[in-house]
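Quick notes on the structure that follows.
What follows is calculated from the coordinates using simple rules that are stated; it is not laboratory data. What you are looking at is a predicted structure, and each value in this text was computed from that prediction instead of being measured. As a convention, Cβ positions derive from the backbone with ideal geometry for all residues, glycine included, and neighbour counts pool all protein chains shown.
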Amino acid sequence: MADSFRRKMTAYEEVNWQYNKAAELLGIPEQHKAIMRNCYRELKVQITLHRDDGRLEELYGFRVQHNGARGPYKGGIRYHPSVDMDEVRALASLMTWKTAVVNIPYGGAKGGVNCDPRSMSEKELQDLTRTFTRKIDMALGPYRDIPAPDVNTNAKVMTWLMDEYSRKHGYTPAIVTGKPVSLGGSRGRESATGLGVFFITRHACKDNGIPLSGAKVVIQGFGNVGSWAASYLHEAGAKVIAVGDADGGVRNDKGLDVRALIVWARDKRTVNGFPGGDSMPKDKIFSVPCDILIPAALNGVITETNVNEINARMVVEGANNPINPHADHILAEKKIPVIPDILANAGGVTVSYFEWTQNLQQFYWEEKEIQLKLEAVMDRAYAETSDMARKRQVNLRTAAFMVAIQRVYDAVLLRGI
Ligand code: NAD
């Protein structure tokens, strides 16, 4: 097994490695396996941004549509200096499998721009978003491809995208999800990924004999996903004992005051310096002993070089693709269960689906109704995945891929290749 890991894989190769393993177990014929592995459409666009100080910056934007057999393409838009075609392909592919695991009628897509939003003013961010939207406009549409927020993008960015698209096509709230509630967004969308992480963690704790009440939780990333997951876990009686982000970390073995930490992080844009715990270096976050470790920042953060630092009873992937296949294999050998991204963080796209449905109907639901519907979707997805894991004697990641690939394959065959 170690032989397959000798060469460092790219993010897209990592996802395909997991895909191949599951597709082989399902016995998918080679040619069909390749068609479902590869991306359907890839756009790369040049963006020239006039910075406030008069400089002209050349940036690149990407939109990849991976597979649309089960419905319109769906996936977030990320603003980060490390965004490139390979990463966007990997994340688009994960979206295909994620929407299939939770059985919502979408295909998979992803987009991004290789900018550094932390160095940009609001005006620059708006200009960038509008230019990017115009340049990928031909691939978008409420029944073709529907973007959403991801790392460093939020409801405001989604509003600019919707407004720019609507200037050309007429008012189209269903072109994007993750909008503000006042502009056709769904109640419960902002917290949905974190709430979904919570629902899945609750099931996984039960299956792995970890009492949730009093469980020690460590989280990397305290943005949308990390902070909401922390909040729901804290409410359920778990103790969030350490949190790290791009600027630092904070630890308190008695349990951090999550509400106060959220207020601090909103105000200072980092958890660093929070007075309710001891400061710690951000790269030591994985070595803090805990019951549940939740990576909820970027992809590729747990590799063969740091996986042995992990001192957790279970890992729940809030982020997309945070663990490379080599590290995943080492965790499996150590019998540390990993709850995979395509299941654990699918709550966001599920409530995005509810938002899109509400936009198309122009009829809006109450938050309680949305949370109950989300819970039902996550419960069923967890049950179907763990059922597959038991029947086929595979881990949850392979099982989730198997459930998803079978659904996409059925749709591909029914529609005709
Ligand atoms: P976000 O921008 O709101 O937050 C990202 C967090 O990660 C921030 O706290 C940031 O400081 C931290 N971070 C960035 N670089 C880091 C580093 N080098 N070390 C430690 N921390 C670092 O993003 P988000 O929306 O919460 O997304 C987080 C992850 O979850 C991503 O992998 C994303 O693809 C995935 N995800 C997000 C959603 C969603 O609905 N937002 C849904 C599914 C999956």
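Taking the dipole about the Cα centre of the chain, with the C-beta of Lys and Arg at +1 and of Asp and Glu at -1, give me whichever of Met162, Ser121, Phe5 is farthest to the positive side.
Met162
Just for the chain, what percent of DSSP beta bridges are antiparallel, to the closest 5?
Of the beta bridges lying entirely in the chain, close to 50 percent run antiparallel.
How would you order 306-312, 378-384, 215-221, 84-90 from highest to lowest mean count of nearby Cβ atoms within 10 Å?
So the peptides 306-312, 378-384, 215-221, 84-90, ranked by packing, come out 215-221, 84-90, 378-384, 306-312.
For Arg392 and Arg41, what is the calculated FRET efficiency with R₀ set at 45 Å and r taken between the beta-carbons, to the nearest 0.05?
The formula returns an efficiency of 0.90 here.
Report the relative contact order of region 49-129, percent, no decimals, based on alpha-carbon pairs under 8 angstrom and at least 6 residues apart.
Reported relative contact order: 39 percent.
Going Cα to Cα from Lys8, which aspartates and glutamates come in below 16 Å? Please leave out same-chain ones fewer than 8 positions away.
Excluding near neighbours in sequence, the set is Asp86, Glu87, Glu304, Asp328.
If packing is taken as the mean number of other Cβ atoms within 10 Å per residue, what is the order of 238-249, 157-168, 17-28, highest first?
Result, highest mean first: 238-249, 157-168, 17-28.
Please report, in debye to the nearest 20, how large the charge dipole of the chain is about its Cα centre when each Lys and Arg carries +1 at its beta carbon and each Asp and Glu carries -1 there.
620 debye
Determine the alpha carbon to alpha carbon distance for each of Lys123/Lys168; Lys335/Lys391; Lys216/Lys335; Lys21/Lys98; Lys74/Lys216 and list only those over 24 Å.
Over 24 Å apart, Cα to Cα: Lys74/Lys216.
What is the Rg over Rh value, at two decimals, for region 1-143, using alpha-carbon atoms and the Kirkwood definition of Rh?
Computed over Cα atoms, the ratio is 1.05.
With N set to the residue count of the chain, report its C-alpha Rg divided by 2.2 N^0.38 Å to two decimal places.
In units of the 2.2 N^0.38 Å rule of thumb, it is 0.93.
Please identify the DSSP H helices in the chain that span no less than 18 Å along the helix axis (Cα) and have a mean Kyte-Doolittle hydropathy of -1.0 or more.
11-26, 85-101, 155-169, 192-207, 347-361, 367-392, 396-415
Once Lys and Arg get +1 and Asp and Glu get -1 on their Cβ, which of Ala319, Thr303, Gly255 lies farthest toward the positive end of the dipole of region 230-389?
Final value for the positive-end residue is Gly255.
Let a ≥ b ≥ c be the square roots of the eigenvalues of the Cα gyration tensor of region 342-395; is it rounded (a/c under 1.5), or, if not, prolate (a/b larger than b/c) or oblate?
Verdict is prolate for region 342-395.
Taking only DSSP H segments of four or more residues, each worth -39500 (n - 2.57), what value at 222 nm results for the chain once the sum is divided by all its residues, to the nearest 500 deg cm²/dmol?
-14500 deg cm²/dmol
If contacts are Cα pairs under 8 angstrom and at least 6 residues apart, what is the relative contact order of region 164-308 in percent?
22 percent
Name the aspartates and glutamates eligible as straight-distance cross-link partners of Lys156: C-alpha to C-alpha under 20 Å, and not fewer than 8 places from it in the same chain.
The reachable aspartates and glutamates, counting only those whose Cα sits under 20 Å from Lys156, are Asp52, Asp116, Glu122, Glu124, Asp127, Asp137, Asp145, Glu164, Glu190, Asp267, Glu355.
Zone of Asn311 (label point 7 Å along Cα→Cβ, backbone N under 16 Å): which residues in region 196-218?
Label zone hits: 216-218.
Express as a percent, rounded to the nearest 5, the fraction of DSSP beta bridges in region 171-265 (both residues included) that run antiparallel.
So the antiparallel bridges amount to about 45 percent of the total.
Give me the percent relative contact order of region 1-108, please, defined on Cα pairs under 8 angstrom at least 6 residues apart.
Worked out over region 1-108, it gives 27 percent.
Okay, which of region 194-219 sit inside 19 Å, backbone N to the point 7 Å along the Cα-Cβ direction of Arg259?
195, 214
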